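Laboratory data are not the source of any read-out in this text; all were calculated from the coordinates shown. Note that the structure is a prediction, hence the values are computed from the model and not measured. Note: ideal-geometry Cβ built from the backbone for every residue, glycine included; neighbour counts use all protein chains shown.
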Amino acid sequence: MQQKVAIARAFLTQPILLLLDEPTTGLDPRSKREVQAVVEELRDTHDATILLTTHDMNEADTLCDRIAILDEGNIVAEDTPTGLKMLVSPNGHQPTLEDVFMDLTGKQLVKPEDEEAEPEEVAA
């Protein structure tokens, strides 16, 4: 509720730019959806630019008209969510923004060090 109120209060001054830094981090799923609904409503009803930073790719896909993907402080891609997804090969499923991030930043899912080690041979 505090996040929703803070966002709504920010619009009382009729800003032309609103900066939201991880507005749904740490919220339970219901509160997260409520805050996202407030952001969508404000985006659709006010003549203001909303700059949203998030690590939640689904949130970015839902709330953003344009997305810039940053890697180590550099913009590696900037486009609409649909345009970014078209940069990645389908690979058997419809690409997500998480796929785009992984592909464009070169980040891979890595196994913990314990699992990467070769098993020791046991002499009998």
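Tabulated results
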item: Over region 66-113, relative contact order from alpha-carbon pairs under 8 Å, at least 6 apart, %; result: 27
item: Region 1-65 - charge dipole about Cα centre, Lys and Arg +1 at Cβ, Asp and Glu -1, debye rounded to 20; result: 280
item: Dimensionless Rg over Rh [region 1-65; C-alpha; Kirkwood]; result: 0.92
item: Near-label residues of region 47-77 by backbone N, under 11 Å of a point 7 Å along Cα→Cβ of Thr25; result: 53-56
item: Distance histogram for region 66-113 (every C-alpha pair counted, 10 angstrom bins, percent rounded to whole numbers); result: 26, 51, 20, 3
